[in-house]
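The values are calculated or read from the model by the stated rules, or taken from the named source; none is laboratory data. Just so you know, these numbers come straight off a predicted model, no measurement behind them. Here the Cβ positions follow ideal geometry from the backbone for every residue, glycine too, while neighbour counts run over all protein chains shown.
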Amino acid sequence: MNTVERANQDYYDRVSQIYDRKHNISRDDFSVFVRQIARLCEAPIQGMKVLDCGCGTGRGAIKFALLGNAVVAVDISENMGRACRHNALAEGLALQPGVCDCAKLPFSAESFDVVTTSAALHHMRDLEASIREFWRVLRPGGRCLFIAEPKQALIRPAWMRRIKERLSARYDREAVGLPASPVDPDMYIFALDGFQEALGQLGFSNIRTDCFFTLTSVYRDLIFYRLHDLSLRNALYRFCSRIDYGALAWLPSTCKSLFTMMAEKTSRPSAAPIRVERFAAASSLVPRPPNSAGLGRHNRRPL
C-alpha cells in the first residue's frame with residue numbers, strides 16, 4: 001500500500017462513525033438510485049449475487065440485500081466495514097464486509113452477477129486495475145453499476161469544488177472533533193465520453209447513463225457543510241433534490257454533476273493499457289499545505 005492509499009484508508013477509518021451524518025446518507029435516499037438502476041437495466045436487481053466494492057457504511061449493500069440479493073461487501077477501510085456491519089444488523093441483515101483493495105479483489109473469476117460501486121470509484125487510486133478486476137469477477141453478461149459518481153459539469157467549476165473541499169475539511173475538524181486529513185480523498189472527476197470509450201476497451205458494452213443533480217450540487221458545495229442543524233440541512237437537501245428531479249430535469253447533461261452508469265460484460269478486454277487521463281482528471285487527493293487544517297489552496301491541474 002503506497003502513501004496515498006494509506007492516507008485514504010486512514011481518513012475513512014477516522015470518519016467512519018460520523019460519515020452518514022456528515023453526508024446526509026440514508027437508506028431511503030438510496031431508494032432513488034435503485035429506481036434509477038432499474039431504469040438503466042430495464043429490470044430491478046433482484047435474486048442475484050452482488051459485489052459492492054467500496055461499500056462504505058453499507059447503504060448500497062444493505063438496500064441490495066433487502067431486495068433479495070446475495071451481497072458481498074468490501075472496503076479499503078476496516079472501520080467503514082464495521083459501520084456497514086452495524087447498519088446491516090439494524091436492518092436484520094448479517095453482512096460481513098471484507099477489507100481489500102479493489103484493484104486486487106480476492107474472488108474467483110466469474111463469481112458475481114453484478115458489481116457495484118456507490119460514490120466510490122472516484123476514490124480508487126488505480127482505476128484501470130480496479131475496472132479490470134470488476135470485469136474479471138463478473139460472469140459473462142454480468143453488469144457493472146457505477147452509482148452517483150462525479151462528472152465534469154458547467155454548474156460545478158473547479159473553484160466551487162475547492163470550496164466544498166475546504167468546508168468538508170472544516171466540518172471534520174470542528175463539527176466532529178477530527179483533525180484534518182493530510183490529503184483529500186476525492187481522487188477523480190470523470191468525463192463521460194472518455195469513460196464510456198475506456199469501458200468499451202475494457203470489455204464492456206450496452207452502456208447506459210443517467211445524469212442528475214444541478215441545484216443540489218450547488219447547495220452541497222457552497223452551503224451544506226456550513227449547516228450543523230441536521231433537520232434544516234436535510235430539509236434543504238430534499239427541497240433541492242425535488243427541484244432537480246422536477247423543474248430542472250430538462251437541463252442537458254452538461255449541467256448535471258453526478259451520473260449513474262450501467263455497463264455489461266460482453267467481450268474480452270484489450271490487453272493494451274488505457275489512457276486514464278482521457279476520462280478521469282485529477283480532482284483532489286493532493287497534499288494540503290502544512291498547518292492549514294485543509295483550508296488552504298490546492299495545487300492541482302484544473303479541468
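Scanning the stretch 94-115 for residues that are under 19 Å from residue 47 (Cα atoms) and at pLDDT 95 or above gives 110, 111, 112, 113, 114, 115. Of everything in the stretch 59-80, what is assigned to a strand (DSSP E or B), over 14 Å from the mean Cα position of the chain (by Cα) and touching a residue at least 40 places away in the same chain (Cβ under 8 Å)? Give them in sequence order. Correct list: 72 only. Here is the figure for the stretch 96-121: residues that are of a type outside the set (A, V, I, L, M, F, W, C), in contact (Cβ under 8 Å) with a residue 60 or more places away in the chain and either under 16 Å from residue 147 (Cβ atoms) or not in a loop (DSSP other than H, G, I, E, B) (or both) total 4. Test residue 184 against the stated conditions and say whether it is at pLDDT below 95, of a type outside the set (Gly, Ala, Ser) and surrounded by 22 or more Cβ atoms within 10 Å (Cβ to Cβ). The answer is yes for residue 184.
Okay, residues lined up against (1) touching a strand residue (DSSP E or B) at 6+ places or on another chain (Cβ under 9 Å); (2) without any contact (Cβ under 8 Å) to a residue 40 or more places away in the chain:
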{"site": "170", "(1), (2)": "no, no"}
{"site": "177", "(1), (2)": "no, yes"}
{"site": "186", "(1), (2)": "yes, no"}
{"site": "213", "(1), (2)": "yes, no"}
{"site": "219", "(1), (2)": "no, yes"}
{"site": "231", "(1), (2)": "no, yes"}
{"site": "242", "(1), (2)": "no, yes"}
{"site": "255", "(1), (2)": "yes, no"}
{"site": "259", "(1), (2)": "yes, no"}
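Take the residues in the stretch 35-58 that are crowded, with 17+ Cβ neighbours inside 10 Å and not in a loop (DSSP other than H, G, I, E, B); name whichever of them is modelled with the lowest pLDDT. Looking at residues that are crowded, with 17+ Cβ neighbours inside 10 Å and not in a loop (DSSP other than H, G, I, E, B), I get 36.
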